[in-house]
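> One structure, pasted below without further comment.
The values are calculated or read from the model by the stated rules, or taken from the named source; none is laboratory data. Everything numeric in this text was worked out from a predicted model, so none of it was measured. Accessible surface areas use protein heavy atoms only, side chains included; no ligands, DNA or RNA. Shrake-Rupley method; radii C 1.70, N 1.55, O 1.52, S 1.80 Å.
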Amino acid sequence: RSSSRDVALAFSTGPTPEPSCKTIAQIASETEDLSTVYAAVGAADPQVAEMLNDPEATLTVFAPLNSAFAALPDGVLATLLMPENQETLTNLLGKHVLSTVVPASAALTLVDEEVMTLADQNIVVNGNGPSGPVTVLPVIVDPDVAAKVVAADIQACNGVIHIVDKVLEYVENMYLGGR
């Protein structure tokens, strides 16, 4: 006859439950090639980190590689990371996030598709046919050459990450006669 202690012991020595899925922020924090974007999230408005950590969110993130940030003109990244530039940095990061999950299979079907980002500005996504690569505009460095998705469909519990080889451009004062 089993006692309640035996039943409790059986449960406590049973298989360890699977850890809950990882959020976009957790994956970025554990991915060496994304350490710069992760640092930028830490310097941005705290709501950015909260959103990327929210397991209930449904997001697509175009996460730039460290090399994409390194390719920015001298001093740009350091300037963006300064506390007085938090709003600009937050908007720049928002330009890399969609409020829906868009897997690569869906992105591959797009042709010059304007997609609204969380920065309230569009990006233009091209699937380039079934074999890709998926490309995204506008970008800061070498603006005639689109960012390429170099790693797609990194699954998180709150969406999907597509790693890109360029930083997307956020245009300040877009509706106020800016460039």
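> Where the accessible area of the chain is counted over protein heavy atoms with a 1.4 Å probe, how much of it, in %, is carbon and sulfur?
In the chain, the share of accessible area belonging to carbon and sulfur is 55 percent.
> Over the chain, calculate the relative contact order: mean separation of alpha carbon pairs under 8 Å at least 6 apart, over the residue count, as a percent.
Value for the chain: 23 percent.
> Oh, and also: Want the number for residue 131 to residue 79: 0.36 nm per residue separation, take away the alpha-carbon distance, what's left?
Working: separation 52, 0.36 × 52 = 18.72 nm, distance 3.78 nm.
Contour length minus the Cα-Cα distance gives 14.9 nm.
> In cubic angstrom, how much convex hull volume per residue do the alpha carbon atoms of the chain span?
So the per-residue Cα hull volume is 154 Å³.
> Now, a different point. Note the full-extension length gain between residue 70 and residue 58 as 0.36 nm times their separation in residues minus their Cα-Cα distance, in nm to one decimal.
Working it through step by step, the gained length comes to 1.4 nm.
> What area, in nm² and to one decimal, does the C-alpha convex hull of the stretch 50-133 cast on average over all directions? Intermediate results must be reported in sequence, preceding the final value.
Details: hull surface 26.6 nm².
Dividing the Cα hull surface by four gives the mean projection, 6.7 nm².
> Could you do me a favour and compute the accessible area per residue for the stretch 27-179, 1.4 Å probe, result in Å²?
Per residue, the stretch 27-179 has 51 Å² of solvent-accessible surface.
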